[in-house]
Amino acid sequence: MAEKFLFIMSKGFEKAGGATRAMQFAALAAEQNKHVEIFLIDDAIHWAQLGMAEGIRSATGEHMKELLDKLIAKKTPIHVCKACADKRLVSQDELIPGAVISGANVLVSMMVNPEYKVFTF
C-alpha cells in the first residue's frame with residue numbers, strides 16, 4: 001500500500017504565515033515523490049484562486065506562490081471545498097491549474113482511507 005499524504009488547510013489571509021508553512025510541508029513531501037493531496041477549506045480556499053498567493057510569504061521567507069508552483073509542477077491535486085467556494089462566490093474558472101472544487105464526501109473518503117496520513121493546518 002503506497003503512503004499518501006492529505007494536507008487539510010483552513011488558514012486564510014489572517015494567518016498567511018501558517019498557511020505558507022503548511023504549503024511548504026506539502027511541497028517538501030511532493031518533492032520526495034510522496035503522493036500528496038491538498039484540501040482547502042474555509043478561508044484557505046482563496047490560496048487556490050488565481051493571483052491570490054502573489055506576495056504572500058512566511059516569516060522565514062518562503063513564498064506561497066513558489067510553493068504552489070512546485071505543487072502544480074508535481075501535478076498535486078488541490079481540492080477546494082465546494083460549500084466554502086459557493087459561500088465565497090468562487091467558481092472553478094477562477095482557480096489555479098490543478099485545483100478542483102470537491103464536495104465534503106471527497107474529503108471524508110480520503111480521511112477514512114487507511115492509505116492516507118492526514119495533516120491539518
What are the residues in segment 1-52 that are part of a loop (DSSP other than H, G, I, E, B) and free of Cβ contacts under 8 Å to residues at least 24 places away in the same chain, if any?
GLN32, ASN33, GLY51, MET52
Quick count over segment 70-89, residues being surrounded by 15 or more Cβ atoms within 10 Å (Cβ to Cβ), part of a helix (DSSP H, G or I) and charged (D, E, K, R), is 2
Cross-chain or 6+ apart pairs with Cβ under 6 Å, segment 54-72 first and within 16 Å of VAL36 (Cβ to Cβ), then outside any helix (DSSP H, G or I) and acidic (Asp, Glu):
none
Can you name the number of the only condition in (1) over 12 Å from PHE121 (Cβ atoms); (2) among the polar types (S, T, N, Q); (3) in contact with a helix residue (DSSP H, G or I) (Cβ under 6 Å, 6 or more places away or on another chain) that SER10 fails?
(1)
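Values quoted throughout were computed directly from the atomic coordinates according to the rules given, and no laboratory measurement underlies them. Bear in mind that the values here come from a model prediction, so they are computed numbers and not experimental data. All Cβ positions, even for glycine, are placed from backbone atoms using ideal geometry, and neighbour counts span all protein chains on display.
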